[in-house]
Amino acid sequence: MRIVLLGPPGAGKGTQAKLLVEKFGIVQISTGDILRKAIAQENVLGSQVNSYVLKGELVPDSLMVDLIRERLNEKDCRNGFVLDGFPRTLEQAKALDALFKELGFSISCVVEVQAPLEEIIKRLILRWSCPNCGSVYHLENNPPKEKGICDICGLPLVQREDDKEDLIRRRYHTYQELTEPLSEYYAKKGVLIQVDGMKGISDLGNILAFRLLEREKTFKR
Ligand code: AP5
């Protein structure tokens, strides 16, 4: 399966991507995680992108397309992947089409996870994540077993620097302006599925898996 996840910040893309990885044995490619890793390592990419991320703006398309090209050429992508956070602009979507053509891939499905701004703010200001394995928690909806500690690594959880209310609002507006038009782009191609991100985490995971499998069956017939 080659799945693209769209949706505003905090809609649950990363959470659902991890469930899809478990269910379908595919890899998660999170552009946000790749950028945060580069920022933490203070490497060349990190210093180029930090200022965009901390303003709630998008990193330039050319940089993101090069990054995705490199990642999709890695061996572990051959059995399928879920793109979490790419594409985010029409330019990136067109570049992804060209890249898929080059690699002989086709998109199985584009999933848009929908959630309103008030809910997004509640989710992101209470989100904590593991700096080591990337596991994501929510203090009320999906808490770790031990307060402040990752269930998997046993390390202290951290909050993202861009999860402050003013920045969340800016990220949401960036999404509305530059990424939302992609749902029409993919709907016209007949590959879009829209799901209600207000459902509980595991209910949404089950609905999503069901709809993806249904699509695969129809596609193969
Ligand atoms: P990125 O890291 O991708 O951030 P984002 O898109 O803003 O999305 P989030 O990771 O904040 O949210 P999510 O939808 O994954 O939600 P999650 O599952 O964690 O990007 C960060 C920045 O990098 C961008 O702002 C940009 O600057 C740059 N960037 C990245 N990609 C780029 C690109 N392609 N081009 C240019 N720039 C790029 O869930 C959130 C919380 O809610 C968690 O606490 C979770 O436990 C909880 N939760 C999840 N689902 C549910 C549910 N169903 N019910 C209740 N709670 C839930």
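The values are calculated or read from the model by the stated rules, or taken from the named source; none is laboratory data. Please read these numbers as outputs of a predicted model, since none were measured by experiment. As a convention, Cβ positions derive from the backbone with ideal geometry for all residues, glycine included, and neighbour counts pool all protein chains shown. Side chains are part of the model used for accessible areas, which takes the heavy atoms of the whole protein and leaves out ligands, DNA and RNA. Shrake-Rupley method; radii C 1.70, N 1.55, O 1.52, S 1.80 Å.
Suppose the filter is surrounded by fewer than 16 Cβ atoms within 10 Å (Cβ to Cβ) and touching a residue at least 24 places away in the same chain (Cβ under 8 Å); does ASN79 pass it?
yes
To keep it simple, each residue is scored yes or no on (1) modelled with pLDDT of 95 or more; (2) out of contact with any Asp or Glu (no Cβ under 9 Å at 6 or more places or on another chain).
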{"site": "LEU103", "(1), (2)": "no, yes"}
{"site": "TYR172", "(1), (2)": "yes, yes"}
{"site": "LEU192", "(1), (2)": "yes, no"}
{"site": "THR218", "(1), (2)": "no, yes"}
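Here are the criteria: (1) outside the structural domain of PRO131 (by TED's automatic domain parsing); (2) under 16 Å from LYS13 (Cβ atoms). Tell me which single one ASN142 does not satisfy.
All conditions pass for ASN142, except number (1).
Is it the case that some residue within region 65-79 is outside any helix (DSSP H, G or I) and within 10 Å of the ligand (Cβ to nearest atom)?
No - not one qualifying residue is present in region 65-79.
Look at VAL4 and say whether it is within 15 Å of ILE68 (Cβ to Cβ), in contact (Cβ under 8 Å) with a residue 40 or more places away in the chain, touching a strand residue (DSSP E or B) at 6+ places or on another chain (Cβ under 9 Å) and more than 8 Å from the ligand (Cβ to nearest atom).
When the stated conditions are applied, VAL4 passes them.
Would you say LYS217 is more than 10 Å from the ligand (Cβ to nearest atom) and farther than 29 Å from SER106 by Cβ?
Here the answer is no, as LYS217 does not meet what is asked.
List every residue pair whose Cβ atoms lie under 8 Å apart, where the two residues are 6 or more positions apart in sequence or sit on different chains, the first residue falls within region 129-147 and is without any contact (Cβ under 8 Å) to a residue 12 or more places away in the chain, and the second residue, located anywhere, is of a type outside the set (Val, Ile, Thr).
That search, which allows pairs on different chains as well, returns PRO143/TYR137; LYS145/ASP151.
Looking at (1) open to solvent by less than 50 Å² (accessible area, probe 1.4 Å); (2) closer than 17 Å to ALA115 by Cβ; (3) not charged (D, E, K, R), find the lone condition where CYS150 falls short.
(2)
Cβ-Cβ under 8 Å, sequence separation 6+ or interchain: first residue in region 20-36 and on the phi < 0 side of the Ramachandran plot, partner of a type in the set (Phe, Trp, Tyr) and open to solvent by less than 50 Å² (accessible area, probe 1.4 Å). Which pairs?
Within 8 Å, the pairs are ILE26/PHE81; VAL27/PHE81; GLN28/PHE81; ILE29/PHE81; ILE29/PHE86; THR31/PHE86.
Please find, within region 167-221, the residue that is least open to solvent (accessible area, probe 1.4 Å) out of those that are touching a residue at least 40 places away in the same chain (Cβ under 8 Å) and among the aromatic types (Phe, Trp, Tyr).
Among residues in region 167-221 that are touching a residue at least 40 places away in the same chain (Cβ under 8 Å) and among the aromatic types (Phe, Trp, Tyr), the one least open to solvent (accessible area, probe 1.4 Å) is TYR186.
What about LEU35, is it crowded, with 21+ Cβ neighbours inside 10 Å and either over 16 Å from GLY205 (Cα atoms) or among the basic types (Lys, Arg) (or both)?
yes
Quick check on my filter: what residues within region 9-27 are within 22 Å of PRO143 (Cα to Cα), open to solvent by less than 50 Å² (accessible area, probe 1.4 Å) and either in contact with a strand residue (DSSP E or B) (Cβ under 9 Å, 6 or more places away or on another chain) or near the ligand (Cβ under 6 Å from one of its atoms) (or both)?
PRO9, GLY10, ALA11, GLY12, LYS13, GLY14, THR15, GLN16, ALA17, LEU20, VAL21 - these are the residues of region 9-27 that are within 22 Å of PRO143 (Cα to Cα), open to solvent by less than 50 Å² (accessible area, probe 1.4 Å) and either in contact with a strand residue (DSSP E or B) (Cβ under 9 Å, 6 or more places away or on another chain) or near the ligand (Cβ under 6 Å from one of its atoms) (or both).
Residue check: is GLU91 within 12 Å of the ligand (Cβ to nearest atom) and open to solvent by 40 Å² or more (accessible area, probe 1.4 Å)? Walk me through it before giving the result.
On the way: within 12 Å of the ligand (Cβ to nearest atom): yes; open to solvent by 40 Å² or more (accessible area, probe 1.4 Å): yes.
Yes: the conditions hold for GLU91.
Can you pull out every residue in region 153-192 that is over 22 Å from LEU5 (Cβ atoms) and either β-branched (Val, Ile, Thr) or in contact with a strand residue (DSSP E or B) (Cβ under 8 Å, 6 or more places away or on another chain) (or both)?
Within region 153-192, LEU155, PRO156, LEU157, VAL158, GLN159 qualify.
Just checking, which of LEU204, LEU212, LEU167 is more than 15 Å from the ligand (Cβ to nearest atom) and either within 30 Å of PRO131 (Cα to Cα) or of a type in the set (A, V, I, L, M) (or both)?
LEU212
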